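Student: My structure is below; once you've seen it, I'll send some questions.
The values are calculated or read from the model by the stated rules, or taken from the named source; none is laboratory data. This structure is a prediction, so every number in the text was calculated from the model and none was measured. Positions of Cβ are generated from backbone atoms using ideal geometry, with glycine treated the same way; all protein chains shown enter the neighbour counts. To get the accessible areas, we keep the full protein, side chains included, count just its heavy atoms, and leave off ligands, DNA and RNA. Shrake-Rupley method; radii C 1.70, N 1.55, O 1.52, S 1.80 Å.
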Amino acid sequence: MATMKDVALLAEVSTATVSRALMNPEKVSITTRKRVEEAVIESGYSPNSFARNLRRNESKTIVAIIPDICDPYFTEIIRGIEEAAMENGYIVLLGDSRQQKKREDSFVNLLFTKQVDGMLLLGTDLPFDVSKQEQKNLPPMVMACEYSPELELPTVHIDNLTAAFEAVNYLSQMGHKRIAQISGPEQATLCHFRHQGYQQALRRSGVTMNPAYTAYGNFTFESGATALARLMSLPETPTAIFCHNDVMAIGAIHQAKKMGIRIPQDLSLIGFDDIQFSEYCDPPLTTVSQPRYEIGRQAMLMLLERLKGREVQIGSRLLDATLTVRESTAPPKC
């Protein structure tokens, strides 16, 4: 059987460097780590990592709880998490909670039984009931995507209010006065912020908000289509719609075509997130671009800092969002 010395000879490093690369990969350069990994594969060396991690009371595994793994919004976030984890010798378990308490409990048990070292939350809610004071004593956790002010957890996200304001303000500057919105779930924190941005942009342009111009969906294609049909059946139809995510916006485009409504000639649409589909739908969707890969990566790096026992500031770490203009928006016809 190959030994650590065989790996060291193949990688042209010392056995101490091999040990560091396998046990504390963050302490060696990426180039050296790659040489060691290739030497391990070539030699067939098989370190007893499970026993080693048990001695150190580590699993080298984290769990990421995702509200809906089928939602394309999460793909780049997961990629950012996994790549940062792999660079540091960790693996990631993906927990699709489907927002069901029983499923969330099973993932939480992994953390409290020390089968995983930490947890990333990609939704707004804590998957267990604890007071604000008790949150300070929780195992290592970081929130990604959604900022919840009442939770005492480090968070990586964007400024949803400002991003929504800029999207709706862009429509106002094009001359739109009848601007509707297709919101996500009414109870979702990020939707509250996006709704506030929508309101502030209307106020800035001197437009009185029409309550009938808000339709609620659940971030799915179907709910976007249903909301579009409702808004376009109003006595005075909107000339533009701000959607709280791209999936609902694409569903709205599909429904508009079925109703004979041309995008953007008859109706302008703006989405949110900049998922890959948004660039390839017909017409390509104007949308708010979130740095989704970087959200995932930064959240994982922040969790690693906590796992190393370093102090991480509670609260939000804001990343920039930008408006990406494509072909689904145009000035109103009249």
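Student: Give me the pairs, please: first residue somewhere in region 298-315 and in a loop (DSSP other than H, G, I, E, B), second residue anywhere and at pLDDT below 75, beta-carbon distance under 7 Å, and either six or more positions apart or on two chains.
Tutor: Listed by first residue and then by second, the contacts come to 314/152.
Student: Let me ask something else about it. Select from region 226-249 the residues that are within 28 Å of the chain's Cα centre (by Cα) and surrounded by fewer than 24 Cβ atoms within 10 Å (Cβ to Cβ) and list them in ascending order.
Tutor: 226
Student: Ok, one more. Here are 326, 317: which of them is touching a Leu at 6+ places or on another chain (Cβ under 8 Å) and of a type in the set (Lys, Arg)?
Tutor: Testing whether each residue is touching a Leu at 6+ places or on another chain (Cβ under 8 Å) and of a type in the set (Lys, Arg) leaves just 326.
Student: Quickly run through region 177-191 and pick out the residues that are touching a Phe, Trp or Tyr at 6+ places or on another chain (Cβ under 9 Å) and either in a loop (DSSP other than H, G, I, E, B) or open to solvent by 40 Å² or more (accessible area, probe 1.4 Å) (or both).
Tutor: Residues satisfying the conditions are 178, 184, 185, 186, 188.
Student: Among the residues of region 238-248, are any of a type outside the set (Lys, Arg) and more than 30 Å from residue 77 (Cα to Cα)?
Tutor: yes
Student: List pairs: first in region 158-183 and under 17 Å from residue 234 (Cα atoms) and among the basic types (Lys, Arg), second at pLDDT 95 or above and open to solvent by less than 40 Å² (accessible area, probe 1.4 Å), Cβ under 6 Å, 6+ apart or cross-chain?
Tutor: Listed pairs, sorted by first residue: 178/238; 178/239.
Student: Still on this structure: Considering only region 192-216, state which residues are within 27 Å of the chain's Cα centre (by Cα) and not in a helix (DSSP H, G or I).
Tutor: Across region 192-216, the qualifying residues are 214, 215, 216.
Student: Another question about this same structure. Show the residue pairs that are 6+ apart or on different chains and have beta-carbon atoms under 9 Å apart, the first residue being within region 1-17 and of a type in the set (Ser, Thr, Tyr), the second being open to solvent by less than 30 Å² (accessible area, probe 1.4 Å) and assigned to a loop (DSSP other than H, G, I, E, B).
Tutor: From region 1-17, the pairs are 17/28.
Student: Can you name the condition, by its number, that residue 50 falls short on among (1) at pLDDT below 90; (2) open to solvent by 10 Å² or more (accessible area, probe 1.4 Å); (3) within 22 Å of the chain's Cα centre (by Cα)?
Tutor: Only one criterion in (1) at pLDDT below 90; (2) open to solvent by 10 Å² or more (accessible area, probe 1.4 Å); (3) within 22 Å of the chain's Cα centre (by Cα) is unmet by residue 50, namely (3).
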